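What follows is a set of notes on a single structure, which appears directly below.
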Amino acid sequence: MNVLNINTRKQFEDWLTDNVAFADARILSLTAASKPDPSSTPSAVTIELAYQIEGSYKAHSRRVSRVFRIRATKIAQYSLSADAAISSEHWSEGIAAVESESPIAFELDVPARLSLHCSEISVEERPKLFETVAPRLSNREVFANAPRTLMPTPAQWQTRFNALDQDVVWHIYRSEPQQTAEVPIANYEGWFLQVRRDLDDAHQGIFFFSCRPEKHGFRVAIQNQGASKLLWQSAMRVLSEFDGVEIHCGNCEFPGADFFRAWTSSEEAQQAAS
């Protein structure tokens, strides 16, 4: 593989531009070669990172990424928390050039914040990385399309949760609970469902980001904004039981029954229920 040597500010900025500043790059590895004095700046820092050029984020799809190995030398400044975790599953905001007396200076989230100022870097493009996208469920947001069920009224949502021993009430942000009759039947976007005993400013509950009729059914998107573990689990069951429902969660799509089985056995669900 050819090696590109960069030692001027313009070369560095042009290289970033050519690679869209490595937005959404993943850090595959990071090593800092220590000097005899651990408190001094390292003699070299090597970063291997990849950014996607083909494929999607959908579970089980094929993903192709360009991979670069960057070696920085003549380092003037280097900072990264000693206990900072490097995660190849973290999608970085990208390499951000910063002002410095050094010709090459940047910050990068790995996900902790790495700061590096140096006089030169060498860049080697490595073989492309081919991966199958792993399924990932979200414990924060879920979308559902129920084509054969009319959009439930606020009272019907409440009844479904009550059947799962969740005494829920409707409210808007920082408000007192409202009687169900006071909740708009045709448009309750922006409202919350919360367990009555948990209603306070810090725990807003299940947020109805959107909910609207569509032909003979409806679509809904809910968000976990401080819902208890049991309330969110109940919401997953409620959504999964609508007739013919298709559910989008994380990077996965499921029929309702399959979704609830997958969600309850997923790592995130286990954490949510712990």
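Between the C-alpha center of the range 170-218 and that of the range 80-153 there is a gap of 33 Å. In a fully extended conformation the segment linking residue 43 and residue 76 would gain 10.9 nm over its present Cα-Cα distance, using 0.36 nm per residue. If you take every residue apart from residue 101 with its C-beta less than 13 Å away from the C-beta of residue 101, what net charge results, scoring Lys and Arg +1 and Asp and Glu -1? Overall, the nearby charge balance is +1.
The count of lysine pairs in the chain that are at least 8 places apart or cross chains, and whose C-alpha atoms lie under 30 Å apart, stands at 8. Segment residue 225..residue 153, full-extension length gain: 23.8 nm, with 0.36 nm per residue of separation and the alpha-carbon distance subtracted.
With all protein chains present, how much of the accessible area of the chain (probe radius 1.4 Å) comes from carbon and sulfur, to the nearest whole percent?
Carbon and sulfur together cover 49 percent of it.
The gain in end-to-end length when the residue 57 to residue 125 segment is fully stretched comes to 22.2 nm, 0.36 nm per residue minus the alpha carbon separation. In this simple spin-label approximation, residue 172 and residue 107 carry label points 7 Å from Cα along the Cα→Cβ vector, and these lie 3.7 nm apart.
The values are calculated or read from the model by the stated rules, or taken from the named source; none is laboratory data. This is a predicted model, so every value here is computed, not measured. Ideal geometry is used to build each Cβ from the backbone, glycine not excepted, and the neighbour counts take in all protein chains shown. What goes into the accessible areas is simple: the full protein's heavy atoms, side chains included, and nothing from ligands, DNA or RNA. Shrake-Rupley method; radii C 1.70, N 1.55, O 1.52, S 1.80 Å.
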